Amino acid sequence: MASKTKVVAITEFMTSVKRKEFIILTFLLPLILVMSMVIPLFFMQTISHQKETLGVVDESGIVLPILKERYTDYIIKEVPSPEEARQLLENNIISNYIVIPKDFLKVGKASYYSKVQLSSFSSANINLERILSDIVIESLLSDKGVSKETINKVKSPIEMERITVTKKGEEVETPFSFVGNYLLPLFLFMSIMNAGGYLLNGIIEEKENKVVEVLLSTISPNELLSGKILGLGGLGILQVGIWISGIVIITSFLKIPLVSFEKGIIIMIFFILGYLFYSSIFAMIGSISTSTRDSQQISAVVSFLVFIPLLLFFGIVQNPNMAFIRLLGMVPPFIPTIMMMRVLLSEVPIIDIVLSMLILSLSLIVSAKIASKIFKVGILMHGKKPSLSEVLRWVRG
């Protein structure tokens with residue numbers, strides 16, 4: 001590294017690492033994200049210990065004793081009639097009630113009443129439906145002379161164990177980890193955008209303050225731009241290192257398996273290439289912008305493009321190697337985020353990894369050359385925003 005480039009890189013790193021924004025984003029934002037998941041879980045756990053009362057009108061005379069034995073989500077209260085149950089509900093003596101008709105075992109239908117809109121995803125409702133289904137299954141099969149062991153097998157016929165076969169032929173149990181599979185790409189995305197934002201704002205500030213004119217009297221535009229990108233790249237690596245350390249601590253505490261060393265290396269390569277690619281784009285934006293407002297409007301579009309793969313997260317989870325996702329993973333703006341998620345979620349074909357790295361590397365070379373040409377001219381322009389034809393002329397020049 002040239003001595004002048006090294007000086008710029010160190011200066012950019014030391015200046016940015018002391019910024020309040022960097023400290024807040026590095027330490028407070030991940031904490032807020034983690035707390036946003038932990039606090040709801042805490043409240044759900046607390047609520048689960050504060051049991052409400054479920055009224056049961058059992059016209060069949062069979063279900064109530066079984067519910068009292070098996071259903072622990074609510075306190076079970078026997079109610080003689082639907083009319084009395086409705087009165088108790090209106091007086092807030094019970095929170096919900098269920099009516100079991102006389103022919104329940106034959107028709108398999110019951111009615112559940114509540115003052116609040118019921119969620120089909122509620123664990124309490126799911127457990128209640130499961131218990132009622134088990135009661136019907138047990139009754140029907142017992143009448144046919146089926147053994148208790150067979151009935152239990154019918155109620156829980158399978159237990160699915162998810163195994164990933166690695167490229168080495170190893171079998172690894174792979175529970176889904178939201179912490180690793182979603183938050184890690186999200187943090188890497190934020191780091192790329194954060195470092196790119198510092199680069200963009202730094203260029204704009206130096207143009208507005210005309211500091212860049214003084215700098216260019218002692219250093220070439222390429223050395224200045226390279227130093228800025230390398231210094232802020234080091235900042236991004238430091239930030240990611242802190243976040244990964246935090247993720248390792250959390251996942252170790254929760255006993256959630258992390259990715260292998262090989263996958264970690266692949267993810268970091270995509271992160272570095274992605275950072276360099278987007279840094280060159282942010283350098284272009286900063287060079288042609290005349291104010292912070294102009295740059296923010298353009299950079300918002302770029303940031304949205306990078307964020308699109310995260311919006312497709314649940315689709316990628318369903319099938320990380322589907323044709324559409326593989327194709328999207330070959331489009332330069334989407335490659336870093338898409339490929340990081342795919343590597344975390346599955347065994348990605350080696351051809352996809354090599355091809356996407358090659359495309360991203362070539363895109364980086366092209367964008368870096370374009371950024372260098374635009375930076376040489378645009379960094380010294382003030383007041384007037386260049387037209388598209390002017391920018392194209394700089395690139396061809």
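Residue 92: net charge of surrounding residues, Cβ under 14 Å, Lys/Arg +1, Asp/Glu -1, itself excluded?
+1
Using Cβ counts within 10 Å as a stand-in for footprinting exposure, how do 310, 328 rank, fewest first?
So the residues, fewest neighbours to most, are 310, 328.
Using only alpha carbons, build the gyration tensor for the stretch 317-382 and give me the equivalent ellipsoid semi-axes, biggest first, whole Å.
Gyration-tensor ellipsoid for the stretch 317-382: 32, 11, 8 Å.
Go through 95, 107, 66 and say which Cα lies farthest out towards the positive end of the charge dipole of the stretch 53-122; charges sit on Cβ, +1 for Lys and Arg, -1 for Asp and Glu.
Projecting each Cα onto the dipole axis, the largest value belongs to 107.
How would you order 237-246, 384-393 from highest to lowest mean count of nearby Cβ atoms within 10 Å?
Most protected by this proxy first, the peptides run 237-246, 384-393.
What does the charge count around residue 355 come to, taking other residues whose C-beta lies under 13 Å from its C-beta (Lys +1, Arg +1, Asp -1, Glu -1)?
+1
So if the hydrodynamic radius of the stretch 52-157 is defined as the Kirkwood radius over C-alpha pairs, what does Stokes-Einstein give as its diffusion coefficient at 20 °C and 1.002 mPa s, in µm² per second?
For the chosen part, D equals 148 µm²/s.
Please get the size of the charge dipole for the stretch 304-397, origin at its Cα centre, with Cβ charges of +1 on Lys and Arg and -1 on Asp and Glu, quoted in debye to the nearest 20.
Charge dipole, the stretch 304-397, about its Cα centre: 620 debye, nearest 20.
Put a dot 7 Å past each Cα toward the Cβ at residue 87 and residue 6; how far apart are the dots in nm?
Result: 9.0 nm between the two label points.
Of 144, 68, how do they rank once you tally other Cβ atoms within 10 Å and put the fewest first?
By the 10 Å Cβ count, ascending, the order reads 144, 68.
Here, each number is a calculation from the coordinates, and none is a lab measurement. This structure is a prediction, so every number in the text was calculated from the model and none was measured. Quick reminder, even Gly has a Cβ in these numbers, built from the backbone with ideal geometry, and neighbours come from all protein chains shown.
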